[in-house]
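**Student:** I am attaching a structure below and will ask some questions about it afterwards.
The values are calculated or read from the model by the stated rules, or taken from the named source; none is laboratory data. Just so you know, these numbers come straight off a predicted model, no measurement behind them. Don't worry about glycine lacking a Cβ; one is built from the backbone with ideal geometry, like all the others, and counts go over all protein chains shown. Calculation scope for accessible area: heavy atoms of the full protein, side chains included, ligands and nucleic acids excluded. Shrake-Rupley method; radii C 1.70, N 1.55, O 1.52, S 1.80 Å.
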Amino acid sequence: MNQYKNLFESIEINGLTLENRLVMTPMGTNFGEQNGEMSFLHMDYYERRVQGGYELMIVENACVKYPEGSNGTTQLRIDADNYIPRLYKLCETIHQYGAKIAIQLNHAGASALESRIGMQPVSASNLPNKECGAIPRKLSVEEIYSIADDYATSAKRAQTIGFDAIEIHAGHSYLISQFLSPLTNDRTDEFGGNIENRARFAKIL
Ligand SMILES: Cc1cc2nc3c(=O)[nH]c(=O)nc-3n(C[C@H](O)[C@H](O)[C@H](O)COP(=O)(O)O)c2cc1C
């Protein structure tokens, strides 16, 4: 246990104080309702997990722009106010255990399935993000700023609901990582080219 001596030490992250460093990372559960709301099974699941002693629970990735940014039929959504009541209830439950709660924000980009979202998926460029993946539609600069606003609106909503933090999903080949990687970003404007430009989308969020 000596090698984990910091695990039970408190830590401050940008004004958020955690009493220990036991964090549950976000994990998609498929427990959401078809309309993107939390189900009661879902809430029970998170309550059971916090009983394990986590100091910070990070709720699985939630969609900031529907349908184009969606990555599953049972994915949580946080892009509209009707999702507030059940997420509020979840925060209240987790806080009763003295733990903190965050939610992960995501836009799936080219990982969204055309058959599910009813439109061509969008991305940094018209390059598929996986072998045999569909060709996405390259976003205009105006659309990029509009999606950044969707992240901001969802983050504000999360704060209003009572979440202590948000996490931005920048991995797993979703939209932000599609901008970051030269394999899926061949833009020649300020959002492509060198790493600074490819990281610009993440930085304007
Ligand atoms: C079923 C499943 C769903 C996951 N969903 C997410 C997710 O929504 N967001 C995310 O950033 N990581 C997700 N992950 C990755 C986990 O948060 C974690 O980083 C990964 O499982 C590595 O940690 P481990 O070695 O403790 O399993 C998921 C992992 C699994 C197994």
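**Student:** Looking at Ala99, Ala62, Ala80, Ala110, which is the one that is more than 13 Å from the ligand (Cβ to nearest atom), closer than 18 Å to Gly171 by Cβ and either in contact with a strand residue (DSSP E or B) (Cβ under 8 Å, 6 or more places away or on another chain) or not basic (Lys, Arg) (or both)? Full working, then the answer.
**Tutor:** Details: Ala99 fails: closer than 18 Å to Gly171 by Cβ; Ala62 fails: more than 13 Å from the ligand (Cβ to nearest atom); Ala80 fails: closer than 18 Å to Gly171 by Cβ.
Just one listed residue meets the conditions, Ala110.
**Student:** Within the stretch 49-71, can one find any residue that is assigned to a helix (DSSP H, G or I) and either among the polar types (S, T, N, Q) or at negative phi (or both)?
**Tutor:** Yes; the residues of the stretch 49-71 include at least one that is assigned to a helix (DSSP H, G or I) and either among the polar types (S, T, N, Q) or at negative phi (or both).
**Student:** While we're looking at this one, here's another question. Just to check your reading of the model, which residue among Tyr83, Tyr88 is of a type in the set (Ser, Thr, Tyr) and open to solvent by less than 20 Å² (accessible area, probe 1.4 Å)? Spell out how you get there, then give the answer.
**Tutor:** Numbers: Tyr88 fails: open to solvent by less than 20 Å² (accessible area, probe 1.4 Å).
Result: Tyr83 is the single residue among Tyr83, Tyr88 that is of a type in the set (Ser, Thr, Tyr) and open to solvent by less than 20 Å² (accessible area, probe 1.4 Å).
**Student:** Another question, if that's okay. It is to be established whether one or more residues within the stretch 124-143 are under 27 Å from Gln159 (Cα atoms) and within 16 Å of the ligand (Cβ to nearest atom).
**Tutor:** No - not one qualifying residue is present in the stretch 124-143.
**Student:** Right, next: Output the residues belonging to the stretch 51-63 that are open to solvent by 20 Å² or more (accessible area, probe 1.4 Å) and either under 11 Å from the mean Cα position of the chain (by Cα) or within 14 Å of Ser111 (Cα to Cα) (or both).
**Tutor:** Within the stretch 51-63, the first condition is being open to solvent by 20 Å² or more (accessible area, probe 1.4 Å), and the residues that meet it are 51-54, 61.
Matches in the stretch 51-63: Asn61 only.
**Student:** I need a count of the residues in the stretch 11-47 that are among the charged types (D, E, K, R) and either within 16 Å of the ligand (Cβ to nearest atom) or surrounded by 15 or more Cβ atoms within 10 Å (Cβ to Cβ) (or both).
**Tutor:** Residues flagged as among the charged types (D, E, K, R) and either within 16 Å of the ligand (Cβ to nearest atom) or surrounded by 15 or more Cβ atoms within 10 Å (Cβ to Cβ) (or both) within the stretch 11-47 amount to 4.
**Student:** Here's a follow-up. Yes or no: Tyr66 at pLDDT 95 or above, aromatic (Phe, Trp, Tyr) and open to solvent by 70 Å² or more (accessible area, probe 1.4 Å)?
**Tutor:** Judged against the criteria, Tyr66 is a match.
**Student:** Further, regarding this structure: From Glu33, Glu37, which residue is touching a Phe, Trp or Tyr at 6+ places or on another chain (Cβ under 7 Å) and either assigned to a loop (DSSP other than H, G, I, E, B) or within 25 Å of His172 (Cα to Cα) (or both)?
**Tutor:** Just a single option satisfies the conditions, and that option is Glu37.
**Student:** Now for a different question. In this structure, does Glu55 turn out to be closer than 21 Å to Tyr97 by Cβ, more than 15 Å from the ligand (Cβ to nearest atom) and in contact with a Leu (Cβ under 8 Å, 6 or more places away or on another chain)? Spell out how you get there, then give the answer.
**Tutor:** On the way: closer than 21 Å to Tyr97 by Cβ: yes; more than 15 Å from the ligand (Cβ to nearest atom): yes; in contact with a Leu (Cβ under 8 Å, 6 or more places away or on another chain): yes.
Considered against the rule, which asks whether it is closer than 21 Å to Tyr97 by Cβ, more than 15 Å from the ligand (Cβ to nearest atom) and in contact with a Leu (Cβ under 8 Å, 6 or more places away or on another chain), Glu55 comes out as yes.
**Student:** Now a separate question. Examine the stretch 136-154 for a residue that is over 16 Å from Tyr174 (Cα atoms), touching a strand residue (DSSP E or B) at 6+ places or on another chain (Cβ under 7 Å) and open to solvent by less than 30 Å² (accessible area, probe 1.4 Å), and state whether such a residue exists.
**Tutor:** Checking the stretch 136-154: at least one residue is over 16 Å from Tyr174 (Cα atoms), touching a strand residue (DSSP E or B) at 6+ places or on another chain (Cβ under 7 Å) and open to solvent by less than 30 Å² (accessible area, probe 1.4 Å).
**Student:** Can you confirm whether the stretch 102-109 contains a residue that is free of Cβ contacts under 8 Å to residues at least 60 places away in the same chain and either in a loop (DSSP other than H, G, I, E, B) or surrounded by fewer than 22 Cβ atoms within 10 Å (Cβ to Cβ) (or both)?
**Tutor:** no
**Student:** Which one is surrounded by the fewest Cβ atoms within 10 Å (Cβ to Cβ) among residues in the stretch 1-10 that are hydrophobic (A, V, I, L, M, F, W, C) and within 17 Å of Leu56 (Cβ to Cβ)?
**Tutor:** My answer is Leu7.
**Student:** Now for a different question. Cβ contacts < 8 Å: first residue surrounded by fewer than 17 Cβ atoms within 10 Å (Cβ to Cβ), restricted to the stretch 161-178; second residue of a type in the set (Phe, Trp, Tyr), any location; separation 6+ or different chain. Result?
**Tutor:** Sorted first by the residue in the stretch 161-178, then by its partner, the pairs are Gly162/Tyr88; Ile168/Tyr151.
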